[in-house]
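Accompanying notes for the structure given below.
Bear in mind these aren't lab numbers, they're just calculated from the coordinates by the rules spelled out. Keep in mind that this is a model prediction, so the values were computed, not measured. Cβ: placed from backbone, ideal geometry, glycine included. Neighbour counts: every protein chain shown.
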Amino acid sequence: KDKLLFAFTLSCTIYTYKSEMDPAELRFLLTGGVSIAQSPEKTVPWHLQKLWDEMFRLSGLNNTFTGLLDDFKSGPDNWKHIYDSAEPHKEEIPEPWANKLFH
């Protein structure tokens, strides 16, 4: 367990040092982000408030995720299959996010 955590920490440090990982994104990954700003009203009934708040914070994190919440609000049905999936990490992410995040 400690070896895995050490390897993760070391890897993140190396990626951050090589500018291949944004330190703000790493902090968000580890903490879920912290914000004093109030998130907009949740407009998708099936989406949990905690996740809504995290998407709001992620959207304001940096240029990588700018517009994520707006895209989600304008087309929540494009994302519902991920939310409902037993294995969401294997689901396709809607465009333009799949291309933006993975290429």
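Annotations for the structure displayed:
- Beta carbons closer than 8 Å, at least 6 apart along the sequence or on distinct chains, pair a first residue in the stretch 87-98 that is within 21 Å of Gly67 (Cβ to Cβ) with a second that is in a helix (DSSP H, G or I) and of a type in the set (Phe, Trp, Tyr) for Ile93/Phe102; Pro94/Trp79.
- A search for C-beta distances below 8 Å between a residue of the stretch 18-36 that is touching a residue at least 24 places away in the same chain (Cβ under 8 Å) and any residue that is in a loop (DSSP other than H, G, I, E, B), counting only pairs 6+ apart in sequence or on different chains, returns Asp22/Asn62; Ala24/Leu61; Ala24/Asn62; Glu25/Leu61; Glu25/Asn62; Phe28/Leu61; Gly33/Leu61; Ser35/Gly60.
- Failed condition for Ser19, given (1) surrounded by fewer than 13 Cβ atoms within 10 Å (Cβ to Cβ); (2) within 24 Å of His81 (Cβ to Cβ); (3) small (Gly, Ala, Ser): (2)
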